[in-house]
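The values are calculated or read from the model by the stated rules, or taken from the named source; none is laboratory data. Computed from a predicted structure; not experimentally measured. Virtual Cβ from ideal backbone geometry, glycine too; neighbours counted across all protein chains shown.
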Ligand code: PXL
């Protein structure tokens with residue numbers, strides 16, 4: 001059985017169905033031991049709420065990592081999401097260098113932007129620091145906006161395959177090994193995921209729902225990590241994550257009072273089934 005110990009580093013938004021409140025249940029449901037390192041504690045996430053609290057936990061990180069090293073604790077993957085500060089990115093790099101097993105994977109979701117804009121607490125200094133982390137990624141999971149900030153390529157609402165190829169190449173040039181670019185849409189009614197493994201591209205197109213929901217990037221990256229660490233290949237993990245996000249969005253739409261995140265919890269059983277079936281099929285190949 002592929003039972004892995006995964007560390008995920010991202011914030012706790014106490015309310016808002018994103019970051020750790022999404023990653024922990026999804027990785028656990030995928031069948032992994034899930035260790036967490038909170039990057040910050042916020043009363044809510046920063047998208048659509050005002051007046052949220054924010055406590056940066058960067059200063060705790062070196063001592064936490066030192067304790068893990070003393071105990072000989074190591075992780076088979078470290079998956080990062082929303083981080084709390086520029087200085088924290090150096091701590092995260094240090095944790096990756098010291099607390100990953102020899103073949104441990106670095107999975108980076110550069111959660112910092114969407115719809116052409118940086119999230120409210122970030123600036124270009126943060127983007128520059130994030131580039132350093134992305135350069136080390138075995139798997140880099142940006143959306144199109146984040147890919148543009150990371151590469152300096154102009155953000156466009158509509159584009160063709162040549163534009164996406166340019167983005168993928170520039171993300172590899174940064175240093176990332178496998179790139180999984182989400183929200184790649186060549187037609188108004190369709191969106192999809194572009195996967196590039198050593199420059200070999202594959203595209204998984206899927207339906208696009210009219211309403212966009214907060215937190216779907218975190219649900220996506222968590223489901224991708226969960227499936228990948230079960231031994232599935234990057235394309236299959238990317239496909240499962242996309243299908244899972246879609247059913248979570250479908251489960252949420254229609255509830256006008258639920259706008260801050262997706263109702264992913266009732267769908268966890270389906271994610272478990274998707275991973276189990278994909279593993280069975282892979283065993284038959
Ligand atoms: O879902 C990404 C995310 C995570 N954490 C915090 C956020 C956001 C997006 O706005 O504000 C705190």
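With (1) in contact (Cβ under 8 Å) with a residue 12 or more places away in the chain; (2) crowded, with 17+ Cβ neighbours inside 10 Å as the list, and residue 103 as the residue in question, which single condition is left unmet?
All conditions pass for residue 103, except number (2).
Would segment 135-152 turn up any residue that is closer than 18 Å to residue 193 by Cβ, away from the ligand (no atom under 16 Å from the Cβ) and in a loop (DSSP other than H, G, I, E, B)?
yes
Within segment 100-119, work out how many residues are under 9 Å from residue 146 (Cβ atoms), in a loop (DSSP other than H, G, I, E, B) and near the ligand (Cβ under 9 Å from one of its atoms).
3
Take residue 139 and tell me if it is surrounded by 14 or more Cβ atoms within 10 Å (Cβ to Cβ) and touching a strand residue (DSSP E or B) at 6+ places or on another chain (Cβ under 6 Å).
Answer is yes for this residue.
Restricting attention to segment 73-82, does a residue exist that is without any contact (Cβ under 8 Å) to a residue 12 or more places away in the chain, more than 16 Å from the ligand (Cβ to nearest atom) and more than 21 Å from residue 22 (Cα to Cα)?
So the first thing to find is which residues in segment 73-82 are without any contact (Cβ under 8 Å) to a residue 12 or more places away in the chain, and the list is none.
No, segment 73-82 contains no residue that is without any contact (Cβ under 8 Å) to a residue 12 or more places away in the chain, more than 16 Å from the ligand (Cβ to nearest atom) and more than 21 Å from residue 22 (Cα to Cα).
Please pick out the residue among 175, 231, 152, 183 that is buried (at least 16 other Cβ atoms within 10 Å of the Cβ), at positive phi, more than 15 Å from the chain's Cα centre (by Cα) and modelled with pLDDT of 95 or more. Explain how you work it out, then say what you get.
Numbers: 175 fails: buried (at least 16 other Cβ atoms within 10 Å of the Cβ); 152 fails: buried (at least 16 other Cβ atoms within 10 Å of the Cβ); 183 fails: more than 15 Å from the chain's Cα centre (by Cα).
Answer to the check: 231.
With the condition kept exactly as written, say whether any residue in segment 275-283 is modelled with pLDDT of 95 or more and under 20 Å from residue 18 (Cβ atoms).
No, there is no match, as no residue in segment 275-283 is modelled with pLDDT of 95 or more and under 20 Å from residue 18 (Cβ atoms).
Here is a check on your reading of the model: is residue 217 within 16 Å of the ligand (Cβ to nearest atom), out of contact with any helix residue (DSSP H, G or I) (no Cβ under 8 Å at 6 or more places or on another chain) and at pLDDT 95 or above?
Details: within 16 Å of the ligand (Cβ to nearest atom): yes; out of contact with any helix residue (DSSP H, G or I) (no Cβ under 8 Å at 6 or more places or on another chain): yes; at pLDDT 95 or above: yes.
Yes.
Any idea which residue in segment 14-38 is surrounded by the most Cβ atoms within 10 Å (Cβ to Cβ), counting only those that are free of Cβ contacts under 8 Å to residues at least 40 places away in the same chain and over 17 Å from residue 217 (Cα atoms)?
34
Within segment 1-53, track down each residue that is more than 11 Å from the ligand (Cβ to nearest atom), modelled with pLDDT of 95 or more, farther than 21 Å from residue 122 by Cα and touching a strand residue (DSSP E or B) at 6+ places or on another chain (Cβ under 8 Å).
Matches in segment 1-53: 4, 5, 6, 7, 24, 27, 28, 32, 33, 34, 35, 36.
For segment 186-200, which positions are assigned to a strand (DSSP E or B) and more than 15 Å from the chain's Cα centre (by Cα)? Even if it seems obvious, please write down each step before you answer.
First, the residues of segment 186-200 that are assigned to a strand (DSSP E or B): 187, 190-197, 200.
Selection gives 187, 190, 191, 192, 196, 197, 200.
Among the residues of segment 85-93, is there at least one that is in contact with a strand residue (DSSP E or B) (Cβ under 8 Å, 6 or more places away or on another chain), buried (at least 19 other Cβ atoms within 10 Å of the Cβ) and within 18 Å of residue 220 (Cβ to Cβ)?
Looking for residues that are in contact with a strand residue (DSSP E or B) (Cβ under 8 Å, 6 or more places away or on another chain), buried (at least 19 other Cβ atoms within 10 Å of the Cβ) and within 18 Å of residue 220 (Cβ to Cβ), one finds none in segment 85-93, hence no.
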